[in-house]
Amino acid sequence: MQTMHSSSISRSPSMADNHQPHFLFITYPVQSHINPSLHLAKHLATTTGAAVTFSTSISAHRRMFSSTPNSDKDFNDGLITYLPFSDGLESHIRGTMDAKEYLSVFRTNSKRNVSILVNELFAGGRPVTCMVHTFLLNWVADIAGEYGIPSVLFWIQAATVFATYYHFFHGFESLIKAHSDEPSFSVCLPGLQQLQIRDLPSFLMATDSDSHYATILDSFRELFEILDREQERVKPRVLINTFQEWETDALASVSTEIETIPVGHLPKEYTNSGAGYLFKEDEKKYMEWLDTKEEESVVYISFGSLSVMKKEQIEEIVQGLKESKRPYLWVVRKDNREKELIEIEEEEGEDVNGMMVEWCSQVRVLAHKAVGCFVTHCGWNSTLESLACGVPMVCVPQWSDQGTNAKLVESLWGCGVRSEVDAGGVVKGEELVKCFELIMGNGEKGVEIRTKAKMWKDKAMDAGIEGGSSDLNLKAFVDKSCGRV
Ligand code: UDP
């Protein structure tokens, strides 16, 4: 797969002199890392003219480009070059390794192969001048150090979540751990609104050191240790997928130690781009179906690319949708479909009131005027896309940063509600009906939520356009990276 030949010569930064800036994006191979990285990579190439190479694992690369000929090869689409690396897990079957083993194998192979790839780019006359990476890839900093080039973290979650992790590792770990089994215990982290334990990223509550959560938390700990070490030489810079205007306080809460650079941009810029999906887009004509619906009348439901809805949750959603009688577009991925559900779909699927799809172009859906509410698990990409499209949310957080995002939606931005769940974490059908009525109905609260949703959309518009805060931040970042300022 690695088409260029390796050489063992390390390159010094001077070798990059006299060359066009060249950013190499190294991205963890899941949808929520690929989408924002790819969008930033394209945006950077389009607006600054820098050369950009996008690299993720071979398995993810194949899935991203499965509909193009030679989908497992590297290629240039006229804007950026796609160059995959082997993580040695091409034939891995999900569930056969625990998180610790998986990340360890991933790290050993990826580190070696990305280093070879950087060397080949140098040898091939396309020297890398800066590496940009998502989290869980802390070893990218080692490779960049080896080649004497800078590396920058692209934080693909909310700035509030970044600041929460920062403060956890800088003085608040013992307090949070001591209260980890008290969901309503309040914690005041510097510069952030008051958060309850249930609002914090779930990985912070890791107790068993061998658990999946502990493995991820260890990776975050290492990431912040790298930033601390960098701070001894220079103020570290972190690109963040948010808008200045959405998270002013959170960005400021770590700004003495770290230069946080919000570079969120507008979903409308990637509405035509299906490239990058790890899932096959459903062939159903869901956009045309949306065209037939009244403005802000449709409930859109999706729990993202990783979370699996329990059978009980699916049944409750069906119940809620039936009762509410509102039109709906519902994503249930193929890997989440059970016999029972397929039967439901056969019964209900052709119902003019609703459509169930395996995967859709979510940003296009959210930007459609017929969509009036998003029932979401609050993954950061989904939250950001909904907020930037002005669609109010019913939040059903599952794990990771989703509880924090739900808190932001409900109390900082006021453009949605967090639904009540039962002891097993399931939202009941009647609770959904209540939330739909609150958000889409004519009550005072609904009007207020919809007004706020529009306001945050406008702020994103202002920040994302040419000359807006995100645009200026990105250009200043590129200028600094090229030593032009
Ligand atoms: N997504 C999509 N079509 C779907 C479902 C999801 O395009 O049918 C995209 C969505 O737009 C978002 C990403 O998948 O960019 C999911 O990322 P998120 O951070 O919301 O959640 P995760 O998948 O990590 O749980």
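The values are calculated or read from the model by the stated rules, or taken from the named source; none is laboratory data. Fair warning: this is a prediction, and the values are worked out from it, not measured in the lab. FYI the Cβ positions are ideal-geometry reconstructions off the backbone, even for glycines, and counts take in every protein chain you see.
Miscellaneous remarks
- In summary, helices (runs of 4 or more DSSP H) completely within region 105-188 and bearing 2 or more residues that are touching a Lys or Arg at 6+ places or on another chain (Cβ under 9 Å) and in contact (Cβ under 8 Å) with a residue 60 or more places away in the chain occur at 140-147.
- The conditions of being closer than 25 Å to residue 385 by Cβ, at pLDDT 95 or above and crowded, with 19+ Cβ neighbours inside 10 Å are not met by residue 309.
- Matching option when the condition is assigned to a helix (DSSP H, G or I), modelled with pLDDT of 95 or more and within 16 Å of the ligand (Cβ to nearest atom), among 203, 224: 203
- Looking across region 353-400, the residues that are touching a strand residue (DSSP E or B) at 6+ places or on another chain (Cβ under 7 Å) and of a type in the set (A, V, I, L, M) come down to 355, 356, 357, 365, 366, 370, 371, 375, 391, 393, 394, 396.
- Condition broken by residue 215, with the remaining ones in (1) out of contact with any strand residue (DSSP E or B) (no Cβ under 8 Å at 6 or more places or on another chain); (2) within 13 Å of residue 164 (Cβ to Cβ) satisfied: (2)
- Matching residues in region 348-357 - criterion: being at pLDDT below 95 and either near the ligand (Cβ under 8 Å from one of its atoms) or β-branched (Val, Ile, Thr) (or both): 352
- Pairs meeting the criteria (first residue in region 67-82 and free of Cβ contacts under 8 Å to residues at least 24 places away in the same chain, second residue in a loop (DSSP other than H, G, I, E, B) and surrounded by 11 or more Cβ atoms within 10 Å (Cβ to Cβ), beta carbons under 6 Å, at least 6 apart or on different chains) are 71/65.
- Helices (runs of 4 or more DSSP H) fully within region 363-458 counting 3 or more residues that are away from the ligand (no atom under 12 Å from the Cβ): 402-407, 429-440
- One residue stands out in region 232-258 among those that are polar (S, T, N, Q) and at pLDDT 95 or above: the one that is nearest to the chain's Cα centre (by Cα), namely 241.
- Residue check, residue 163 within 16 Å of the ligand (Cβ to nearest atom), more than 26 Å from residue 100 (Cβ to Cβ), modelled with pLDDT of 95 or more and surrounded by 18 or more Cβ atoms within 10 Å (Cβ to Cβ): no
- Any hit, region 462-469, residues being surrounded by fewer than 21 Cβ atoms within 10 Å (Cβ to Cβ) and not in a loop (DSSP other than H, G, I, E, B): yes
- If the condition is being touching a residue at least 24 places away in the same chain (Cβ under 8 Å) and out of contact with any Gly (no Cβ under 7 Å at 6 or more places or on another chain), then region 419-429 contributes 419, 421, 424, 425, 426, 427, 428.
- Residue 409 within 23 Å of residue 186 (Cα to Cα) and in contact with a Cys (Cβ under 7 Å, 6 or more places away or on another chain): yes
- Taking the listed residues 270, 300, 328, the one that is modelled with pLDDT of 95 or more, among the aromatic types (Phe, Trp, Tyr) and within 10 Å of the ligand (Cβ to nearest atom) is 300, with no other qualifying.
- Summed over region 276-331, residues that are in a strand (DSSP E or B) and not hydroxyl-bearing (Ser, Thr, Tyr) total 6.
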